[in-house]
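Sharing a structure here in structure tokens format.
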């Protein structure tokens, strides 16, 4: 299993209605300070929505980027019950999934 597959598999553990951060996901797969690498891998996700890269956000609670646009990421999160405001997750700590 290559690194991308390992990351996508780990991301499948994040349940609908919760989010994780680039840093948490990096730690979960053993990448020290791998937030940027996670972001690049999320951008190349060949299975969007199936492998829910829209559930990965910044540690500040900001939505962060998305290959199909931040407005689509926001809509997907809102559809899962995650409230956002001004590009940030409301109740961030309540919604964050820790591995």
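No lab work stands behind these numbers, since they all come straight from the coordinates. In this text, all values refer to a predicted model and were calculated from it rather than measured experimentally. Reconstructed Cβ throughout: ideal geometry from the backbone, glycine too, with neighbour counts over all protein chains shown.
For region 13-30, how many residues are more than 9 Å from the chain's Cα centre (by Cα) and touching a residue at least 12 places away in the same chain (Cβ under 8 Å)?
Result for region 13-30: 11.
Name the residues in region 34-86 that are closer than 17 Å to residue 24 by Cβ, without any contact (Cβ under 8 Å) to a residue 24 or more places away in the chain and in a loop (DSSP other than H, G, I, E, B), would you?
The answer is 34, and nothing else.
Per-residue answers, yes or no, for (1) closer than 17 Å to residue 9 by Cβ; (2) touching a strand residue (DSSP E or B) at 6+ places or on another chain (Cβ under 6 Å); (3) buried (at least 17 other Cβ atoms within 10 Å of the Cβ):
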| residue | (1), (2), (3) |
| --- | --- |
| 40 | no, no, no |
| 47 | yes, no, no |
| 55 | yes, yes, yes |
| 58 | no, no, yes |
| 64 | no, yes, yes |
| 67 | no, no, no |
| 75 | no, no, no |
